[in-house]
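Engineer: Shown below is the structure under consideration.
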Amino acid sequence: MTLITGGASGIGAAIARRMAGKGRKVVIADKDRSRGNEVAAEIGARFVPADVTRPEDNKAAVAEAISAYGRLDVAVFNAGIPGQCGWHNFTPAAYRTTVSTNLDGVVYGIHACLPHLRGHGSIIVTSSLAGLKEAPDPFYAASKHALVGLVRSTATLLARDGVKVNALCPGLVDTPLLAPYREPLTEAGHAFADPDEAADAVETILTGGRTGEAWVVLSGRPAYPVRFPDVTTNTMGDR
C-alpha cells in the first residue's frame with residue numbers, strides 16, 4: 001500500500017498511476033480536492049484532502065491508509081512549492097511558507113507514518129536537482145538541500161529498523177508547477193523530463209533495495225544515484 005502526498009498532479013500523479021498500475025493500493029493526499037478526486041477515481045485510489053504543513057493532516061492521511069488497507073508499505077512525500085520569495089523581495093512569511101511546505105511537510109509526514117513502516121517499509125522524498133547544486137531560487141534550494149540531508153541521516157538511523165529512505169532529485173520536469181516557465185526555458189535549450197521518468201525512478205528505487213541515496217532524474221536518461229564525497233572526521237583535529 002502506497003501513500004503519496006502531492007499526488008493530485010505532476011510527478012505525484014505519475015507515481016500514483018504507476019503504483020496503481022502495478023497493483024498497489026494507493027492513497028493520494030493533496031490540497032487540490034478537485035484534481036485529487038479526479039486522479040483517485042481514474043486509478044481506483046482513495047483521496048484525502050491534506051495540507052502537509054499541518055501535522056494533524058499528515059496523521060489523518062496515514063490513518064485513512066491504515067483504516068482502508070490495514071497497512072502501509074511505501075510513503076512518497078512529494079508535495080512541494082517553488083520558493084515564495086528571494087533576497088530581492090524577502091519577507092519572513094513568504095520564506096516560512098516555502099520551508100513549511102517543502103521541509104516541515106516531509107518531517108511531519110515521516111513522523112506520522114514511521115510507526116507503520118518499521119520492519120518493512122520504504123520512504124521516498126521528492127527533493128530536486130536544486131537540492132544537489134546551486135539554483136536561482138535560494139530558499140527553494142535551501143529546503144531541497146535540507147531534504148537530502150534529512151534523507152541521508154534518517155536512512156542511517158532507520159536502517160536497523162528495516163526502513164529504507166531515499167530521495168528523488170528531478171531536474172526540470174513537465175509539470176503544472178513549471179508550466180509558466182516552460183517556454184522560455186525550452187527556448188534557452190533546457191530539456192524537460194516527463195513525469196513518467198520520475199515514476200520510473202521510483203520503481204528503480206523500490207526494486208533496488210538500497211537506502212540513503214539521492215537519485216537524479218533528467219530527461220532521456222535512466223535515473224542514477226549521486227556519489228557523495230567520503231568525508232571523515234579526524235578526532236585528533238586537523239593541523
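Engineer: Within region 209-236, work out how many residues are more than 17 Å from the chain's Cα centre (by Cα) and either closer than 23 Å to V173 by Cα or in contact (Cβ under 8 Å) with a residue 60 or more places away in the chain (or both).
Structural biologist: Going through region 209-236 one residue at a time, the tally reaches 6.
Engineer: From the list V165, V151, which one is of a type outside the set (K, R), modelled with pLDDT of 95 or more and not in a helix (DSSP H, G or I)?
Structural biologist: Unique residue meeting the criteria: V165.
Engineer: Test V76 against the criterion of being under 30 Å from G23 (Cα atoms), in contact with a strand residue (DSSP E or B) (Cβ under 8 Å, 6 or more places away or on another chain), among the β-branched types (V, I, T) and assigned to a loop (DSSP other than H, G, I, E, B), and give yes or no.
Structural biologist: Here the answer is no, as V76 does not meet what is asked.
Engineer: If D104 satisfies every condition in (1) part of a helix (DSSP H, G or I); (2) more than 13 Å from the chain's Cα centre (by Cα) but one, which is the exception?
Structural biologist: Result: D104 fails condition (2) only.
Engineer: Could we say that G109 is closer than 21 Å to V165 by Cβ and in contact with a helix residue (DSSP H, G or I) (Cβ under 7 Å, 6 or more places away or on another chain) here?
Structural biologist: It is true that G109 is closer than 21 Å to V165 by Cβ and in contact with a helix residue (DSSP H, G or I) (Cβ under 7 Å, 6 or more places away or on another chain).
Engineer: Give region 114-140 a look and list any residue that's assigned to a strand (DSSP E or B) and over 16 Å from C169 (Cα atoms), or say none.
Structural biologist: First pass over region 114-140, keeping only residues assigned to a strand (DSSP E or B): 122-126.
Of everything in region 114-140, just one residue is assigned to a strand (DSSP E or B) and over 16 Å from C169 (Cα atoms), namely S122.
Engineer: Do we have S143 as under 20 Å from T5 (Cβ atoms) and in contact with a helix residue (DSSP H, G or I) (Cβ under 8 Å, 6 or more places away or on another chain) here?
Structural biologist: In short, yes.
Engineer: In addition: When you check A13 against the structure, is it in a helix (DSSP H, G or I) and modelled with pLDDT of 95 or more, yes or no?
Structural biologist: When the stated conditions are applied, A13 passes them.
Engineer: Looking at region 118-140, can you tell me whether even one residue there is free of Cβ contacts under 8 Å to residues at least 12 places away in the same chain and among the hydrophobic types (A, V, I, L, M, F, W, C)?
Structural biologist: Within region 118-140, one or more residues are free of Cβ contacts under 8 Å to residues at least 12 places away in the same chain and among the hydrophobic types (A, V, I, L, M, F, W, C).
Engineer: Restricting attention to region 172-199, and to residues there that are in contact (Cβ under 8 Å) with a residue 24 or more places away in the chain and either among the basic types (K, R) or part of a helix (DSSP H, G or I) (or both), which single residue is nearest to L129 (Cα to Cα)?
Structural biologist: The extreme case among them is A198.
Engineer: To continue, here is another question. Somewhere in region 53-68, is a residue touching a Cys at 6+ places or on another chain (Cβ under 6 Å) and within 22 Å of A199 (Cα to Cα)? Working first, answer last.
Structural biologist: Initial filter on region 53-68 (touching a Cys at 6+ places or on another chain (Cβ under 6 Å)): 62.
Narrowing further to those that are within 22 Å of A199 (Cα to Cα): 62.
The answer is yes; a qualifying residue exists.
Engineer: Also: With the structure loaded, tell me whether V27 is in contact with a Lys or Arg (Cβ under 7 Å, 6 or more places away or on another chain) and under 17 Å from I123 (Cα atoms) or whether it fails that test.
Structural biologist: Judged against the criteria, V27 is a match.
The values are calculated or read from the model by the stated rules, or taken from the named source; none is laboratory data. Predicted model only: the values in this text are computed from it and were never measured. Neighbour counts are summed over all protein chains in view; Cβ atoms, including those assigned to glycine, are modelled from backbone coordinates with ideal geometry.
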